[in-house]
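The values are calculated or read from the model by the stated rules, or taken from the named source; none is laboratory data. Here the structure is a predicted model, which is why all the values come from computation and not from measurement. Quick reminder, even Gly has a Cβ in these numbers, built from the backbone with ideal geometry, and neighbours come from all protein chains shown. Surface areas here come from the heavy atoms of the whole protein model, side chains and all, with no ligands, DNA or RNA. Shrake-Rupley method; radii C 1.70, N 1.55, O 1.52, S 1.80 Å.
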Amino acid sequence: EADIYQTPRYLVIGTGKKITLECSQTMGHDKMYWYQQDPGMELHLIHYSYGVNSTEKGDLSSESTVSRIRTEHFPLTLESARPSHTSQYLCASSEYQTSGGADEQFFGPGTRLTVL
Amino acid sequence: AQSVTQLDSQVPVFEEAPVELRCNYSSSVSVYLFWYVQYPNQGLQLLLKYLSGSTLVKGINGFEAEFNKSQTSFHLRKPSVHISDTAEYFCAAQSINTDKLIFGTGTRLQVFP
């Protein structure tokens, strides 16, 4: 069954640690996204990718980095975690649309990160 | 879309009552509109979408929404809610000249027995 996966689902870690949040999708989608979600706030786009070797920064500035070496895999890395990084991180994917097409995104279950 | 506003942060309602979750957007061009639902500890799931055509859109779980261009609204409705509808609901918009989704801040629907 085509799906989108995120691991870990929950992570509690100390300040200064390096972490990688994993995201994989089996739908063959070219486009992938990372959002940051805080309670009572809208989802903020922090990174996206149009395909292999393509990465772009989103609307919300983030100290994280991403890579896209394989179509199905879009990991997010924080080199040195801080308490301000505590949040929920959602990964999503969609088919590439030509100009003017609707971008229906499919979401993973999220990773809830707590940095102490 | 330049912004999406969900006017109600929380909507409490009794089971089997009707509900309306409000969403307004602003955009200088035509938009695509979406409603997503997020159950506790899960990701977002698409409820329904408006791309073009009929302004009344039916989605999963008995939800529907009506696109009103003159009022720039896309309110979500359900005639009779269940306990299982308790969740966070997000409205989102995409201008036809971009591929970026703009989300509202969400509305928490709490259904009481």
Review point. For the pair A:Ser61 and A:Tyr5, how long in nm is the line joining their label points, each one 7 Å along Cα→Cβ?
Key: 3.6
Check your understanding: Evaluated at 25 °C with a viscosity of 0.890 mPa s, what Stokes-Einstein diffusion coefficient in µm²/s does chain A have when Rh comes from the Kirkwood expression over alpha-carbon pairs?
Key -> 172
Review point. Can you list the aspartates and glutamates whose alpha carbon sits under 17 Å from that of A:Lys18, skipping same-chain ones fewer than 8 residues off?
Key: A:Glu63, A:Glu79
Exercise for review: Please calculate the 1.4 Å probe accessible area of B:Phe67, with all protein chains present, and give it to the nearest 10 Å².
Suggested key: 30
Practice item. Give me the distance between the Cα centres of the range B:95-113 and the range A:1-69, rounded to whole Å. Key: 19
Check your understanding: Mind checking which lysines have their C-alpha under 28 Å from B:Lys49, skipping anything on the same chain fewer than 8 residues away?
Key -> A:Lys31, A:Lys57, B:Lys58, B:Lys69, B:Lys78, B:Lys100
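Please state the relative contact order of the range B:3-112 as a whole percent: Cα pairs under 8 Å, 6+ residues apart? Before the final figure, lay out the partial values.
Numbers: 272 pairs, mean separation 41.7, N = 110.
RCO, the range B:3-112: 38 percent.
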Study note, to complete from the structure: Note on chain B, DSSP bridge orientation, antiparallel percent to nearest 5 equals 85
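Give, in nm to one decimal, the length gained when the segment between B:Ser28 and B:Arg77 is fully stretched (0.36 nm per residue of separation minus the Cα-Cα distance). Please report the intermediate quantities before stating the final value.
Values: separation 49, 0.36 × 49 = 17.64 nm, distance 2.58 nm.
Using 0.36 nm per residue and subtracting the Cα-Cα distance, I get 15.1 nm.
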Review point. With every protein chain in place, what's the accessible area of A:Glu22 (1.4 Å probe, Å², nearest 10)?
Key: 60
Practice item. With a 1.4 Å probe and all protein chains in place, put B:Asp99, A:Asp30 in order of accessible area, largest first. Key: A:Asp30, B:Asp99
Review point. Averaged over peptide B:39-46, how many Cβ atoms belonging to another chain are found within 10 Å of each residue's Cβ?
Key: 5
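Evaluate the Kirkwood expression for the hydrodynamic radius of the range B:3-112, namely the inverse of the mean inverse distance over all pairs of different C-alpha atoms, and round to one decimal in Å. Display every interim value, and only then the final one.
Details: mean 1/r = 0.0718 Å⁻¹.
Hydrodynamic radius (Kirkwood, Cα only) of the range B:3-112 equals 13.9 Å.
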Review point. Hey, what did chain A get for relative contact order, percent, Cα under 8 Å, at least 6 apart?
Key: 35
